[in-house]
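Heads up, the thing below is written out as structure tokens.
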Amino acid sequence: MGMSLEERVRSTVAALLHAAGESQTELATALGVSQAQVSRRQSGTAAWSLTDCEAVAAHYGIDVLELLAGPTRATEALPAARRRVPGRQASTRRLEVIERGV
């Protein structure tokens, strides 16, 4: 049997974070929640709600159905402008997170 929907959403969010070169902290800021809340959702101790899924999809510029379809479909739908570019300077906030361990 395949992944549950909850596992698929967690896997998709992880793939989008990687493809966009973002941290959980950056996603949390965009969603208006704490990094700890994103971490709990990603670890499976809390679930991503449908409202959360809509917000994540909007943040990445994809349709919520692509998010629910799984990591391959979601990352293929990720707009080029949202993709991590090797060698691109990280955002100021991302540098602060890396340097200070925030």
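The values are calculated or read from the model by the stated rules, or taken from the named source; none is laboratory data. Bear in mind that the values here come from a model prediction, so they are computed numbers and not experimental data. A quick note on method: Cβ atoms are made from the backbone with ideal geometry, for glycine too, and the neighbour counts reach across all protein chains shown. Surface accessibility is based on the protein's heavy atoms, side chains included, excluding ligands, DNA and RNA. Shrake-Rupley method; radii C 1.70, N 1.55, O 1.52, S 1.80 Å.
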Notebook entry, point to check: For region 14-38, which residues satisfy the criterion of being touching a residue at least 60 places away in the same chain (Cβ under 8 Å) and surrounded by 15 or more Cβ atoms within 10 Å (Cβ to Cβ)?
Noted result: Ala15, Leu16, Ala19, Ala20, Gly21, Glu22, Ser23, Thr25, Glu26, Thr29
Note to self: I'd like the full set of residues that are in a helix (DSSP H, G or I), open to solvent by less than 50 Å² (accessible area, probe 1.4 Å) and either aromatic (Phe, Trp, Tyr) or farther than 13 Å from Leu5 by Cα (or both), limited to region 67-80.
What the structure shows: Ala74, Thr75, Ala77
Item checked: Pair list, Cβ under 9 Å, 6 or more apart: region 39-60 residue in contact (Cβ under 8 Å) with a residue 40 or more places away in the chain and surrounded by fewer than 18 Cβ atoms within 10 Å (Cβ to Cβ), other residue of a type in the set (Lys, Arg) and assigned to a helix (DSSP H, G or I) -> Ala47/Arg41
Margin query: Take Val85 and tell me if it is in a loop (DSSP other than H, G, I, E, B) and at pLDDT 95 or above.
Written below: no
Next item on the list: For Ile98, work out the one condition from (1) hydrophobic (A, V, I, L, M, F, W, C); (2) modelled with pLDDT under 95; (3) surrounded by 17 or more Cβ atoms within 10 Å (Cβ to Cβ) it doesn't fulfil.
Entry: (3)
